[in-house]
Amino acid sequence: MTRTARFITVEGLEGAGKTTVLNAIEAQLRASGVDLITTREPGGTSLGEDIRELLLGHKHDGMADDTELLLMFAARAEHLHKVIRPALDRGQWVLCDRFTDATYAYQGGGRGIDMARIETLERFVQGTLRPDHTFLLDLPVKQGLDRAAGRSEPDRFEKQREAFFDAARATYRARAQAEPGRFRIIDASRDLNGVLAQLQASVSALLDEELGA
Ligand code: TMP
């Protein structure tokens, strides 16, 4: 059966304004009559949210990189089985705060795990399912970290050095360049109105493409 519901993800470094952007995308899609659910990774299920706590909290600060990678995919497997695939099968669009591009960026770029191993897990857990559209909120690392600083107690990822985020950003940008049909890059270094204006135009173009609206 051809699937008409769309799987949309939002990616970006810390301090990129992801929450505001997700809310704006959700509002615009709903206003256009799209039936959708919103969710996030790591998380989105009861088990996934417990895994998120293990990953982001400081109880396991010395976690091995491979453990971190496998926990990301364990949470994702649960999320796909319980939430994402059922919604798409019902015909609902899925708007997800981060997905596997974050694994390539953070575990691949940031931690330096071989990308080929991530590809193997991606095929194992997802089969052929990939996001249809991905918004990448791009901004200089330092600007993002400055914005994120002081929000709350930094989690295990926010505590990483700038070089980790430089590598994550470079990976995100390389992936966007390699798949221009899927990615829409939003310049998140601009002020809120500037970001929201770009976003609105981009979501309108997506809706035109998908609904012929
Ligand atoms: P956030 O969703 O609140 O931004 O926090 C999630 C953190 O987890 C963020 O620092 C990115 C990180 N992350 C990974 O390292 N790999 C992944 O696959 C995902 C989904 C998130």
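The values are calculated or read from the model by the stated rules, or taken from the named source; none is laboratory data. Note that the coordinates shown come from a computational prediction; the quantities given were computed from them, not determined experimentally. A quick note on method: Cβ atoms are made from the backbone with ideal geometry, for glycine too, and the neighbour counts reach across all protein chains shown. Surface areas here come from the heavy atoms of the whole protein model, side chains and all, with no ligands, DNA or RNA. Shrake-Rupley method; radii C 1.70, N 1.55, O 1.52, S 1.80 Å.
Between the amide H of Arg40 and those of Asp97, distances stay under 5 Å, these residues lying 5 or more places away or on another chain, with hydrogens modeled in the peptide plane.
Evaluating 6.51 cos²θ - 1.76 cosθ + 1.60 at θ = phi - 60° for every residue in the range 85-102, the Karplus couplings come out as 5, x, 5, 4, 5, 6, x, 8, 6, 10, 10, 10, 7, 6, 7, 5, 4, 5 Hz, glycine and proline recorded as x. I need the shape label for the range 94-213. Rule: rounded when a/c is under 1.5, else prolate if a/b > b/c, else oblate, with a, b, c from the alpha carbon gyration tensor. It is oblate, given that a/c is not under 1.5 and a/b is not larger than b/c. Once the Cβ-Cβ distance of Arg130 and His60 is raised to the sixth power relative to R0 = 22 Å, the FRET efficiency obtained is 0.15. Note: relative contact order over the range 107-213, using C-alpha pairs below 8 Å and six or more positions apart, is 36 percent. Label positions at Arg117 and Ala178, each projected 7 Å from the Cα along the C-beta direction, are separated by 1.7 nm. If you take the Cα centroid of the range 159-213 and the Cα centroid of the range 1-79, the two points sit 16 Å apart. Given Cα pairs under 8 Å that are at least 6 residues apart, what percent is the relative contact order of the chain? That works out to 32 percent. Accessible surface area normalised per residue over the chain is 48 Å², counting heavy atoms of protein chains with a 1.4 Å rolling probe. In order along the range 199-204, the phi-based Karplus estimate (6.51 cos²θ - 1.76 cosθ + 1.60, θ = phi - 60°) of 3J(HN,Hα) comes to 5, 4, 5, 5, 5, 4 Hz; Gly and Pro are listed as x.
Simple point charges give the picture: +1 on the Cβ of Lys and Arg, -1 on the Cβ of Asp and Glu, and for the range 13-206 a dipole about the Cα centre of about 320 debye.
Among the protein heavy atoms of the chain, carbon and sulfur supply 51% of the accessible surface, probe 1.4 Å, non-protein parts ignored. Counting only Cβ charges, +1 for Lys and Arg and -1 for Asp and Glu, the dipole size of the range 78-192 around its Cα centre is about 100 debye. Here's how it looks for Arg184: its modeled amide H is under 5 Å from those of Thr134, Phe135, Leu136, which are all 5 or more places away or on a different chain.
Between Leu192 and Glu53, the modelled label-to-label distance comes to 3.2 nm, taking each label 7 Å out from Cα in the direction of the beta carbon. Taking label points 7 Å from Cα along the Cα-to-Cβ direction, Ala149 and Ser204 give a separation of 3.7 nm. Taking each residue as 0.36 nm, the span from Asp89 to Ala163 lengthens on full extension beyond its C-alpha to C-alpha distance by 22.6 nm. What is the log10 of I(q)/I(0) for the range 13-206, computed with the Debye formula using one identical point scatterer on each Cα and no solvent, at q = 0.09, 0.11, 0.13, 0.17 Å⁻¹? Log10 of I(q)/I(0), two decimals: -0.33, -0.50, -0.71, -1.31.
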